[in-house]
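So the structure is just underneath, and the comments pick up after that.
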Amino acid sequence: MSKFVEWCGWFLGIEQATAIDQASVNLAAPWAQGSGFWVFFLAIAVVVAALVFYWKYQPKASPTARIMLGLSRGLLLALLVITLADPVLQLTVTYLQRPHLYVVVDGTDSMNIADEYEESDRQALWAGAGFAPAAGANTAVPKAETTPISSTVQPSRMELVQSLLRKTNGNLLTRLEEERKAHVDVFVFDGATTSQLRKLPRAASSADKLDPAFVAEQLTTKGQVTALGTVLREASQQAGSGKLAGMVLISDFGQNSGPAPLGDAVRSPAARLGVPLYAVGVGATETVDLAVDLQTDPRMKKAERSAITVKLRQSGLGGRQANVKLIGRRLSSDSMMPGEFEFTIGEKTVDLLESVSAVDFPYTPEEAGRVEFVAEVEPLDGETVSQNNRTAREVNIIDDYLRLMYVAYEPTWEWRFIKEVFHRDKLVGMDGFRTFLGSSDPRVRENNVLFLPTLTPKRSEFFANDVIFLDDLPQSALNDRFGDMVKEFVGNLGGGLVVISGSRFGPRELVGTPLADMLPVIIDPQLSVRDEREFRPQLTPHAPRYQFMELGQTEQESAMAWQNLGRMQWYQPVAALHEQAFSLMDHPTDKCADGKTPQPLIAVRPYGRGEVVYLGFNETWRLRRKFGEKYYRQFWSQMIYRLGMSHALGNEKRFVVRLDQQQYRVEDKATLTIEAYTEQYEPLTEENLADRTLTAELTLPSSSAAAGETRLINVPLLKPGVFEARIPVFAAGEYTLRVKDPVTSKYEERRFEVTELSAERRQGVRNERLQDDLAQGTGGKSYDLTTVDKLVDDLRLEPIAETLTRTHPLWATPLWFTLIVALMLGEWLTRKLIKLS
């Protein structure tokens, strides 16, 4: 049977056919379709006619000869009849296709690093990669078949990879194709701002045979970021048809941009790729390096003591000392002209006894304004990379407070306790908390400074808020103007919104208002409060990602704090969780309308530039039960810090100047974005400006040819309220940008740095942990250049079975032609032998 299947595969031009699933013969001629019986009848008729002719009209021949001649003539005529009916053979064949294997090579700048190794490690590495220095280099050559490619004694990571791909004895790519019967495609990612996964030609000619040496010549190291998540996502898009059987990723795994490759078990790029990943690590896992990291809040309060933490991460420098210096640079302040003013915060000597050392610098801001903190350490002997010895972070020092607007119908326990917490909060205080109660006496709202006289004050006052709380209230207490302004406040200005469900009215009162579209949940107006049985809420796996859900210093303390809620009596059910939302706390048993998703009790969702938090109950005051305000304050303070401090405070959000990065490379383009509104928070347009555009002043660094020169940059209107310009930078150093607010005539100043080196040089070691996690998380294995030869043996690739259906005209086959010729010649020869005329 197998020979017959192979023959049929050859007959149809299909290699590695393994089974015939279906075979049928049909008549394709229009006159014969649906008339198979009559075609068969006509074929039999011409056979009978031929027999009758020879039997009756050729008496000279013997009876046997007449029958044979009649059958030959009849079969020939029958074949001609069937040929006119256009017979076709339809076969459905299962065949095996070669599995596709992607080999993806890191083409970023970090692959130019030449690592230092001990002599024994160097020899093993060079032998594994098949590398040998060119003649004349003062070093030993490994006893392995090698290909000289460099005159340097210390090859770069990419030179080792190229040597591996050129290796003539047991070449990796050749073995993958020949021993594993795989079709290998090689890619390189070497983009400036994204991965830019590029497929490399397999050979110089159009021939399909893979030429490893030609592939190695095409590898580059011009990439400026390592975005492995993007690489895996693009690879899955390249695979497309699902024929991909595996991936070999050759990299130093220095992830520094884009989405994380691992994470969610279903939605992460590695999971979506859906095949085993075999990770080949290049580069030293330990090297002489010292990296500086600076940790501080993005905002500080004037005259309040804060701590700035400098972390030193070292490898190969244990037991040595480093001198850490922390300085501040005022970028702008309320009491000085714009310009740089540098001051020293502190200097300390740190003993590098651990892999990570932290040193705190106390600091009390004396002036409000923007300050850049710079931590730096002088390079130590033997460091491979020194770019990461300096780091900077910009902080906004405020002499201001968060403005909270709490909207409710009547005082509730939640309202009372939240008011007390924020009155005593240093970031809010008595001036920062204002409330509107729909049921309160209008005279109280007019005379008590705590209360707002109206739900919709003028726009300049409304948009000065930072976080809006929406508690339990009826739809009649709301109006469309309030809903529209809240939508604009969150979506356009990045404000925060907290929606708290109450037992009296509930979120169904928001149905039909602009606010309903902003919620992290889908509301069903038919659902009312459920209070049939007590329950104990449970945190979801997403909760630890949000600091306001982490109530303690440890996981155990946080769990203990949430236990304070006790067994709850009621909650507000919803139809579903919004597709863009994450649930942080669920009901333990009740489900949404789909019957699968747990009912969310606390959920969060990004909306435009802001964020919305939803609570399906209004009894977080239960957190006070055993421990007083400690955890209750932690929950609400951290929430408003997240929602309020993520954007410009108060009226600062009316004119916001942003840069897309704080550090660029030479010849990059800095993107300057300005969000500008009028005094009444109407989007600023060209009609509001004298020159119909905004102008920025760019001061060039001292290293440029025009040191200290200030150039005017026009920032054109991108859309109402948003101006944007891309500014090319050609010299390394520090740049200063100043933009004048056309309403207040004050300047906003931003600084950025341009360096010769890329982000790829900030970390000199291979990220072995990420490499191993990627391999294990996808069912693959992890290697380095000394063990990569084992990859081919470990790789398990199964041929991909595919089904193909083909229709072939039988009359056009050599077999059909041969049969007709044989019948014609057979009849002619027989007639000659028996001497028939």
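Values as computed for the structure displayed
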item: Reachable lysines, given that their alpha-carbon falls under 26 Å from the alpha-carbon of Lys325 and they are not under 8 places away in the same chain; result: Lys301, Lys302, Lys311, Lys348
item: Crossing angle, helix 63-84 versus the chain [Cα axis fit, 0-90 degrees, rounded to tens]; result: 30 degrees
item: Cα-Cα pairs of segment 613-683 separated by more than 19 Å (percent); result: 61 percent
item: Nearest 10 degrees, 0 to 90: helix 413-423 Cα axis against the chain principal axis; result: 70 degrees
item: For segment 224-330, accessible area per residue (1.4 Å probe, heavy atoms of protein chains only), Å²; result: 38 Å²
item: Between helix 814-833 and the chain: long-axis angle, C-alpha atoms, 0 to 90°, nearest 10; result: 0 degrees
item: Thr364-Ile713 pseudo-label distance in nm [points 7 Å out on the Cα-to-Cβ vector]; result: 3.8 nm
item: Those GluC sites (Glu not before Pro) in segment 35-123 that DSSP places in a loop and that have at most 12 other beta carbons within 10 Å; result: Glu118
item: Members of Lys426/Lys746; Lys653/Lys746; Lys426/Lys487; Lys653/Lys719 lying beyond 20 Å, as alpha-carbon distances in this model show; result: Lys426/Lys746; Lys426/Lys487
item: Listed peptides 786-796, 668-678 by packing density, highest first (mean Cβ within 10 Å); result: 668-678, 786-796
item: Accessible-area composition of segment 439-566, carbon plus sulfur, in percent [1.4 Å probe]; result: 45 percent
item: Of (1) 71, 42, 26; (2) 40, 37, 26; (3) 76, 33, 24, the label for semi-axes √(5λ) of the Cα gyration tensor in Å derived from the coordinates; result: (1)
item: Euclidean distance of C-alpha centroids, segment 32-81 and segment 157-185, integer Å; result: 65 Å
item: Label-point gap, in nm, between Met568 and Thr454 - each point 7 angstrom along Cα→Cβ; result: 3.7 nm
item: Contour minus Cα-Cα distance for Thr344 and Asp741 (0.36 nm per residue); result: 139.9 nm
item: Of Lys209/Lys243; Lys181/Lys790; Lys596/Lys626; Lys243/Lys596; Lys167/Lys199; Lys209/Lys790, pairs whose Cα-Cα distance is over 28 Å; result: Lys596/Lys626; Lys243/Lys596
item: Pair Arg504, Gln90: separation of 7 Å Cα→Cβ label points (nm); result: 7.3 nm
item: Percentage relative contact order, segment 675-817, counting C-alpha pairs under 8 Å, at least six apart; result: 16 percent
item: Theoretical ellipticity at 222 nm over the chain - DSSP helices of four or more residues, -39500 (n - 2.57) apiece, nearest 500; result: -7000 deg cm²/dmol
item: Cross-link partners of Lys835 among lysines (Cα-Cα below 28 Å; sequence separation of 8 or more within a chain); result: Lys56, Lys60
item: Accessible area of Glu760 in the full protein assembly, 1.4 Å probe (Å², nearest 10); result: 10 Å²
item: Span from the segment 253-311 Cα centroid across to the segment 496-531 one, whole angstrom; result: 38 Å
item: With all protein chains modelled, accessible area of His100 [1.4 Å, Å²]; result: 50 Å²
item: Heavy atoms of Ser745 accessible to a 1.4 Å probe, total area in Å² rounded to 10; result: 70 Å²
item: Spatial separation of Cα centroids for segment 712-779 and segment 560-612, in angstrom; result: 37 Å
item: Rounded accessible area per residue of segment 459-589, 1.4 Å, Å²; result: 41 Å²
item: Solvent-accessible ranking of Trp636, Trp562, largest area first, probe 1.4 Å; result: Trp562, Trp636
item: Within the accessible area of segment 624-767 (1.4 Å probe), percent carbon and sulfur; result: 45 percent
item: Burial order of peptide ranges 269-281, 543-555 (average beta-carbon count within 10 Å, highest first); result: 269-281, 543-555
item: Stretch gain in nm, segment Ser646-Arg424, where the contour uses 0.36 nm per residue and the Cα spacing is subtracted; result: 77.8 nm
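The values are calculated or read from the model by the stated rules, or taken from the named source; none is laboratory data. Please read all numbers here as calculations on a predicted model, not as lab measurements. Positions of Cβ are generated from backbone atoms using ideal geometry, with glycine treated the same way; all protein chains shown enter the neighbour counts. Surface areas here come from the heavy atoms of the whole protein model, side chains and all, with no ligands, DNA or RNA. Shrake-Rupley method; radii C 1.70, N 1.55, O 1.52, S 1.80 Å.
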